[in-house]
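The values are calculated or read from the model by the stated rules, or taken from the named source; none is laboratory data. Because the structure is predicted, anything quoted here is derived from the model rather than measured. A quick note on method: Cβ atoms are made from the backbone with ideal geometry, for glycine too, and the neighbour counts reach across all protein chains shown. Surface accessibility is based on the protein's heavy atoms, side chains included, excluding ligands, DNA and RNA. Shrake-Rupley method; radii C 1.70, N 1.55, O 1.52, S 1.80 Å.
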Amino acid sequence: MASTFFSKPEPNQVLFEESSCARKIILNRPRKLNSLTYEMISQILRNLEVYEKDPMVKLLILKVEKDFTKGLNSSVKIKGQGKAFCAGGDIIGIAFTVNEGHWSFGESFYKKLLTLDYMFATSRKPLVSLINGVVMGGGAGLSMNSMFRVVTENTVFSMPEAQIGFFPDVGASYFLSRLPGFFGEYLGLTGGRLNGNEMLACGLATHLVLSKHLPLLEKALSQVASSDASTISTVINGFSSKISLKKDSVFRRLETINKCFSRKTVEEILSMLENEAANGDNKWIIRAISSMKSASPTSLKIFLKSIREGRTKELNDCLSQDYTIACHMIRGTFNHDVFEGTKAKLLEKDKQPKWEPSRLELVSDEFVDQYFEEVDDADWEYLQLPVRPNLARTWESKL
């Protein structure tokens, strides 16, 4: 299939607006679920550098643009138009270019994306994400690495990369490993979905605001003339709703999740889940088992190793490790699961990928370890991120 990457580039994939002390970054690929392209990431990085140096800018905001676009003053905002905040990186576009022999483009893309994630996480101006819609993969990298993460009743979070032969990246081994117990392992291995209440409960979100109140919240934030985090938090609190977890919420199963996902290997985790499935209350467990069994065995083992190591690493080290693993996958150094999964689940959609190796027991520790080692290429180097001191984190469960 011919690539569309070099033909008819899409105009206005990301928009920028100013309103008093606010700077809005608007993701504008609604037909592609606002998936991130190289040009979008490059433009955001360029503008972010300007915003950080501008003393008039007091606040950054990440948000979806749907029902509330007017009337902001002094914040930086990232907004996505349509039903999705951001469904991730443009993996299909990357797959096309790599299949045509341009694997170096895939590496450049990930270097830019992970650098942007780090710049957001260490932003010199407070960053508020207004996440009103689907957020996955690269979209999670943008929003989960911000100081304030505001979700709504429309928010759906997921990290389903293992289903297409990739792995939860963009710092997921950092922010998922900071969640209560082994909930991060559950999310990354199963691609399980969370709603806004569940995101707030587990700590992925800092605030829950009903979508109908977002225009008023945005207007209030636009009137903030300070970069003081407590001042911004107080403003958001004025529009926030309390947690209301459903009885069948997966976060209410944290005790069972910890029991199963604390196991040392993916095989042991699956075995524990199958044992628990026989004890009733098993709908969510059956979904988890089904999802893991349909994912790339290699991807599952890579993620488990990365999140376990991520618990003791800083964000920059996690992102650097993500880059190394991604480079191996993009080059097809050891297998081609990411291209097989993209073809089977996103392009041809027969949902029958042929993973290699095909079973968990065939994926040895030595095979997985290779993905964490440097790429054998004289021109390749580890991801080097700038030294930035102000990493602001608020990872804690609200329950």
Seminar exercise, completed: At R0 = 41 Å the Cβ-Cβ FRET efficiency linking Leu245 and Arg308, nearest 0.05, sits at 0.90
For this session: Calculate what fraction, in whole %, of the accessible area of the chain sits on carbon and sulfur atoms when a 1.4 Å probe is rolled over the protein chains.
Result: 50 percent
Exercise. What is the spin-label model distance, in nm, from Asp369 to Asn282 if the labels are put 7 Å beyond Cα along the C-beta direction?
Worked result: 3.7 nm
Exercise. Considering only the chain, what is the antiparallel percent among its DSSP beta bridges, to the nearest 5?
Worked result: 25 percent
Seminar exercise, completed: Of the convex hull enclosing the alpha-carbon atoms of region 226-327, the direction-averaged projected area in nm² is 10.0 nm²
Exercise. Which one of Gly171, Asn154, Gly191 has its Cα pushed farthest toward the positive end of the charge dipole of the chain, where Lys and Arg give +1 and Asp and Glu give -1 at the Cβ?
Worked result: Asn154
Seminar exercise, completed: Length-normalised contact order of region 169-279, Cα under 8 Å, at least 6 apart, in percent, tallies to 28 percent
Exercise. Efficiency by 1/(1 + (r/R0)^6): what FRET value for Asn12 and Ser291, r their Cβ-Cβ distance, R0 = 41 Å, to the nearest 0.05?
Worked result: 0.70
Exercise. By what distance, in whole Å, do the Cα atoms of region 275-399 stretch along each of the three principal axes, largest value first?
Worked result: 50, 42, 30
Problem set entry | region 285-399, relative contact order in percent, only Cα pairs under 8 angstrom and at least six apart counted | 31 percent
Seminar exercise, completed: Simple spin-label estimate for Asp379/Glu39, 7 Å along Cα→Cβ, in nm, reads 2.4 nm
For this session: Compute the separation of the alpha-carbon centres of region 20-36 and region 142-158 and state it in Å as a whole number.
Result: 15 Å
Exercise. Between Gly88 and residues 5 or more places away or on another chain, which pairs have amide H atoms under 5 Å apart, with H built 1.01 Å from N, and which residues are they?
Worked result: Leu36, Met136, Gly138, Gly139
Problem set entry | Given charges at beta-carbon only (K, R positive; D, E negative), |dipole| of region 234-300 in Debye | 260 debye
Problem set entry | Charge dipole magnitude, Cβ of K and R +1, D and E -1 - the chain, Cα centre, debye nearest 20 | 1880 debye
For this session: Please report the relative contact order for region 111-172, taking Cα pairs under 8 Å with a sequence separation of at least 6, and give it as a percent rounded to a whole number.
Result: 37 percent
Problem set entry | Anisotropy class of region 324-380 from Cα gyration tensor, a/c 1.5 cut | oblate
Exercise. In Å, the Kirkwood hydrodynamic radius of the chain over pairs of distinct alpha carbons?
Worked result: 21.2 Å
Exercise. Given a Förster radius of 22 Å and the C-beta distance between Leu346 and Glu100 as r, what FRET efficiency does 1/(1 + (r/R0)^6) yield to the nearest 0.05?
Worked result: 0.80
Problem set entry | Amide H partners (placed H, <5 Å) of Leu127, local residues excluded | Leu60, Met147, Phe148
Seminar exercise, completed: Here P(r) for region 254-299, Cα-Cα distances in 5 Å bins, as whole percents, is 5, 23, 34, 26, 10, 2, 0
Seminar exercise, completed: Simple SL model, points at 7 angstrom along Cα→Cβ for Asp54 and Thr231; separation in nm is 1.8 nm
For this session: Could you tell me which of rounded, prolate or oblate describes region 91-237, using a ≥ b ≥ c as the square roots of the eigenvalues of the alpha-carbon gyration tensor, with rounded for a/c under 1.5 and, failing that, prolate when a/b is larger than b/c and oblate otherwise?
Result: prolate
Exercise. Accessible area per residue of the chain at 1.4 Å probe, in Å²?
Worked result: 42 Å²
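Using just the helices of the chain, give the 222 nm mean residue ellipticity in deg cm²/dmol: DSSP H runs with n ≥ 4 each add -39,500 (n - 2.57), and the total is spread over all residues, rounded to 500. Walk me through the numbers before you get to the answer.
Numbers: 16 runs with 164 residues, N = 399.
Taken over the chain, the calculation gives -12000 deg cm²/dmol.
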